[in-house]
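Notes follow the structure.
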Amino acid sequence: MPVSTILKTNRSSTPVPPRLRAEVEKILITDAELAQRIKILARGIERDFRGREMVVVSLLNGTVLFLADLIRHLNLPLRLDFIGVSSYGAGTESGDLVFTKELRLDVRGRDVLLVDDILDTGKTLSRVLPKLRALKPRRIKTCVLLDKPSRRVAKVKPDYVGFTIPDLFVIGYGLDFAERYRNLPFVGVLHPHIYKEVLEHAAKK
Ligand code: PRP
């Protein structure tokens, strides 16, 4: 079982910057908490890979910030590649998956670390993992920053988890809503009125 930091809905929160207060309800994970946890994750990964070269396969686009912080703490040889995969549409529900970029590095016989920002329904990893396995790597370990187990529909067990979170609509630190908020340095909770407006607008079309 992955060891992760389990977060409760009502944890005490750092104030949201004034510019974002109309859109972000609260900060769920601060930049300092992210940095501290990611260093610990990296140490665990290093221990398991025991200096073997790995291929880090990161899923676009949500992993950008997490990936950059994670790999700079991985003190072992690695090569990096990306798979582009996205659930169709701008809503809050994971829908149909579209592959926008295929892997280019050869992972046959290699140790692979698959990185994603959030494990939600599990549909993305359950589509990506068989595709990767078909390329015959030596082994695949999965690492997600956030795990929302209450939403799972596909059976996926990550090897490394940063934080286990409640069923909240989270944005920031790479995670988006309609492609916005990825640049926020913290993980925040989106005000429901923001996504309700968008969903209602989409339903009327
Ligand atoms: C998000 C996230 C994960 C996936 C998790 O990606 O980055 O890859 O959803 O959801 P699931 O477990 O329900 O499949 P998204 O498709 O929104 O694309 P993005 O990474 O470009 O934001």
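The values are calculated or read from the model by the stated rules, or taken from the named source; none is laboratory data. A quick note: this is a predicted structure, and the numbers were derived from the prediction, not measured. When we count neighbours, we look across all protein chains shown, and the Cβ atoms used for this are built from the backbone with ideal geometry, even at glycine. The accessibility values were calculated without ligands, DNA or RNA, using every heavy atom of the protein model including side chains. Shrake-Rupley method; radii C 1.70, N 1.55, O 1.52, S 1.80 Å.
Listed values, structure above:
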{"read-out": "The stretch 142-151, residues that are more than 10 Å from the ligand (Cβ to nearest atom) and open to solvent by less than 50 Å² (accessible area, probe 1.4 Å)", "value": "Thr142, Cys143"}
{"read-out": "Residue in the stretch 113-124 that is nearest to Lys155 (Cα to Cα), counting only those that are within 6 Å of the ligand (Cβ to nearest atom) and of a type outside the set (Ser, Thr, Tyr)", "value": "Gly122"}
{"read-out": "Pair list, Cβ under 7 Å, 6 or more apart: the stretch 33-61 residue part of a loop (DSSP other than H, G, I, E, B), other residue of a type in the set (D, E, K, R) and more than 16 Å from the ligand (Cβ to nearest atom)", "value": "Arg52/Asp111"}
{"read-out": "Where a residue in the stretch 66-83 is closer than 12 Å to Lys39 by Cα and its partner, wherever it lies, is part of a helix (DSSP H, G or I) and of a type in the set (Phe, Trp, Tyr), with Cβ under 6 Å and at least six apart", "value": "none"}
{"read-out": "Qualifying residue in the stretch 127-140 (condition: crowded, with 23+ Cβ neighbours inside 10 Å, at pLDDT 95 or above and β-branched (Val, Ile, Thr))", "value": "no"}
{"read-out": "Hey, Ala178 open to solvent by 20 Å² or more (accessible area, probe 1.4 Å) and on the phi > 0 side of the Ramachandran plot or not", "value": "yes"}
{"read-out": "Residue within the stretch 93-102 that is within 22 Å of Val156 (Cα to Cα), at pLDDT 95 or above and open to solvent by less than 40 Å² (accessible area, probe 1.4 Å) present", "value": "no"}
{"read-out": "Some residue of the stretch 32-50 being under 18 Å from the mean Cα position of the chain (by Cα) and under 16 Å from Asp176 (Cα atoms)", "value": "no"}
{"read-out": "Flag if Thr30 is within 16 Å of the ligand (Cβ to nearest atom), of a type in the set (Ser, Thr, Tyr) and in contact (Cβ under 8 Å) with a residue 12 or more places away in the chain", "value": "no"}
{"read-out": "Residues that are outside any loop (DSSP other than H, G, I, E, B) and touching a Ser or Thr at 6+ places or on another chain (Cβ under 6 Å), drawn from the stretch 185-205", "value": "Tyr195"}
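One line per residue, one yes/no per condition, for (1) away from the ligand (no atom under 14 Å from the Cβ); (2) more than 27 Å from Arg47 (Cα to Cα):
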| residue | (1), (2) |
| --- | --- |
| Arg127 | no, yes |
| Leu135 | yes, no |
| Val153 | no, yes |
| Asp167 | no, yes |
| Glu179 | no, yes |
| Tyr195 | no, yes |
| Glu200 | yes, yes |
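Okay, residues lined up against (1) open to solvent by 10 Å² or more (accessible area, probe 1.4 Å); (2) among the polar types (S, T, N, Q):
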position	(1), (2)
Arg11	yes, no
Arg19	yes, no
Ile27	yes, no
Glu33	yes, no
Phe49	no, no
Val57	no, no
Asn61	yes, yes
